Structures are given as C-alpha cells and as structure tokens.
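Rule-based calculations on the coordinates, nothing more; no lab input. Just so it is clear, the structure is predicted and the values come from calculations on it, not from any experiment. For neighbour counting, all protein chains shown are included, and Cβ atoms are generated from backbone atoms with ideal geometry for every residue, glycine included.
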C-alpha cells in the first residue's frame, strides 16, 4: 500500500538533493519498490525553476567530459558542447558567439575573443597579458613598433636609433648595451637628449 507524502515535503526533498548535485534521486518512501524519481513524473509538484535546474544537471551529467565546456564570461558560464570531430582541424572554429549571452569567445582557447592575436601567440602570453586591455595595448605596440624592456617587459618607444627611454624598472638601452639606472640617474634623464652619465658609462 502506497504511503501519502505531502507535496511540500517532496519539493523540499528534491530541492535538497539537486542542491547537493545528487541527480539520481531516490523515492522519499523507504519501502518504495520503484526506487528512483524522474523529473517528468515530478513536474506537476515541483516549481518550474527547480524542474529546469534538475533537467539541466541531468543533461550535463550525461555529456562526456571532453565534449563539454563553459562560456568563458563569468557572468554567463553557460554549458556549451564541442561537437567538432577530434583531429578535424578544418572544422575547428575559433570566433564563436555564445548562444546565451551573445558575446564572442575563442572556442579553441576557451577565452573571450582575442581579436588580432592568433591562438598560438595567445597561448604564449602570460596570464597577466591576456586581458582585453592588455591585448589592445599589444596591438597598438605592434602598430607603433614599440619594443619591450628586457628588465620589466613594459613597452618602450625608441626616440632615436641608439636610445630607448628608461622605464619604471630603471633599465635603459644605449646601442646594444643595457644599463641599470639608479633612481637618481633615471630622474635626470631627459627625453630629448641622452644623459652624459650614461654616455660616460658606455666608454
């Protein structure tokens, strides 16, 4: 003989199980022979958001790990499916729009779209160089042919063929030589002419 269970108790029971990511939810009646609850059977007694969440969690659990990934935008993080065939380089898309938040991301790198930077080049960048502003700065630096300081990796601009302006770390390049400047020397260096102290150091 089946026992009656209050609808509110069933709702709370299912909500607690889904919250714990327990997707195979057993019947709350210990004497039940069926054993497992199915979302469709419970649809009329649980609220739609709980039904949707339970169904989405079951779908996600059914997907093999290598096929699923998430939208890289933290305020979206929608589950996405990579349905390209392994080894099919021609089928690999890079510039993809998330169907949930409608923003572009790179499907190969699994990051927000890195416009103007090839995937291989992007992968070589440090974690602190992959942000949107960092990529824009990198693009400007390439267009203006800025170099990078060997000391701190900041972008620097040549003012003459033999002189790179000093940067925050105190490095300055004269010809092929790199000198470490002390703070007092760095403050004396002018943009329009090389410091006599530096020229003397080169001799």
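Values as computed for the structure displayed
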| read-out | value |
| --- | --- |
| For the stretch 1-133: relative contact order, % (alpha-carbon pairs under 8 angstrom, 6 or more apart) | 12 |
| Alpha-carbon Rg/Rh ratio, for the stretch 1-157, with Rh computed the Kirkwood way | 1.21 |
| Order of 125, 37 - criterion: other Cβ atoms within 10 Å of each residue's Cβ, fewest first | 125, 37 |
| Approximate spin-label separation residue 103-residue 137, in nm, with each point projected 7 Å along Cα-to-Cβ | 2.0 |
| Those residues of the stretch 126-146 whose amide nitrogen sits under 19 Å from the label point placed on residue 119, 7 Å along Cα→Cβ | 126-127, 130-131 |
| P(r) histogram, all alpha-carbon pairs of the stretch 7-62 included - 5 Å bins from 0, percent | 4, 20, 34, 27, 11, 4, 0 |
| Most to least packed among 97-107, 63-73 [average Cβ atoms within 10 Å] | 97-107, 63-73 |
| P(r) of the stretch 65-144 over all Cα-Cα pairs, binned every 5 Å from zero, in whole percent | 3, 14, 24, 22, 19, 11, 5, 2, 0 |
